[in-house]
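Take a look at the structure below.
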Amino acid sequence: MTERVAVVGGGPAGLMAATYTARAGLDTTVFDGGESILARNAHLENVPGFPAGVNARSFLDATREQAADAGVGFVDEHVASVAGDRPFTVETESGAAHAAEFVVAASWPDTSYLDGFDVERVQRGSKTMLVADRFARLDVDGLYAAGRVARQYHQAVVAAGHGATAGLTVVEDSDRAYYHDWVAPDGYFTGRGRDVPPGTEEIGEEERRQRERESLEALDSRSPADPPSQHPSVDDE
């Protein structure tokens, strides 16, 4: 089976990259081999839409659920290596091999699975980061980097936004026509005699109200979240 897009990392950057590529109709798989560092937050603040902040585990769970609803598949394993020419071969630690035409590195702080490629890296203390252009592309066609591993600021909202940039860049580099992910009110385009752009949707008032109800129900239905994870170097005793 060939996944058009493989995203390595299940934090905010990886999940948002995957959400955008999946919503564009690209087959997308997230390889999520461990807990996101965001889960260590005692309380996540400075996130749009949450004036009092939000539980970081709830935020991650909801973002993963959002990606799944968009059609993203998940492989809960670490990636051991990415190799070959396009399509790339993404091999997990269990030895399973997956093919992908696009690979987005959104893992932190591991980049060792890309050691077979001549991509620019920088060292920041003990951490290795990837040097991407402003649209998240790496030096090898089909490879991208998003979030902290791509030298972005260590903030959840920045990582999520950069993941969205990476996802949209993948869409632009794919065989998809011009793409704009937007839900517009009925008549916004057609009422002016224009075609609705690819990726855009016009909805009427009844459908808008239904989606609004579903969004509120989804927020209300979330169960209490787990407490934060401690840094692994801290003694639990």
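The values are calculated or read from the model by the stated rules, or taken from the named source; none is laboratory data. Computed from a predicted model, the values in this text were never measured in an experiment. For neighbour counting, all protein chains shown are included, and Cβ atoms are generated from backbone atoms with ideal geometry for every residue, glycine included.
Numbers below:
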{"quantity": "Test: residue 59 is in contact (Cβ under 8 Å) with a residue 12 or more places away in the chain, in the same structural domain as residue 34 (by TED's automatic domain parsing) and over 21 Å from residue 39 (Cβ atoms)", "calculated": "no"}
{"quantity": "Residue that is aliphatic (A, V, I, L, M), without any contact (Cβ under 8 Å) to a residue 40 or more places away in the chain and either exposed (fewer than 12 other Cβ atoms within 10 Å of the Cβ) or touching a Phe, Trp or Tyr at 6+ places or on another chain (Cβ under 6 Å) (or both), where the choices are 183, 234", "calculated": "234"}
{"quantity": "Inter-residue pairs, beta-carbon under 8 Å, first on the phi > 0 side of the Ramachandran plot and in segment 116-138, second in a strand (DSSP E or B), 6+ apart", "calculated": "136/104; 136/144; 136/145"}
{"quantity": "Segment 1-45, subset of a type in the set (S, T, N, Q) and in contact with a strand residue (DSSP E or B) (Cβ under 7 Å, 6 or more places away or on another chain), residue farthest from residue 81 (Cα to Cα)", "calculated": "21"}
{"quantity": "Failed criterion for residue 162 (all others in (1) modelled with pLDDT under 95; (2) not in a loop (DSSP other than H, G, I, E, B) hold)", "calculated": "(1)"}
{"quantity": "Output for segment 125-155, where each listed residue is within 18 Å of the chain's Cα centre (by Cα) and among the charged types (D, E, K, R)", "calculated": "133, 134, 137, 148, 151"}
{"quantity": "Strands (runs of 3 or more DSSP E) within segment 80-140 that include 2 or more residues out of contact with any Cys (no Cβ under 8 Å at 6 or more places or on another chain), assigned by TED's automatic domain parsing to the domain that holds residue 169 and basic (Lys, Arg)", "calculated": "121-124"}
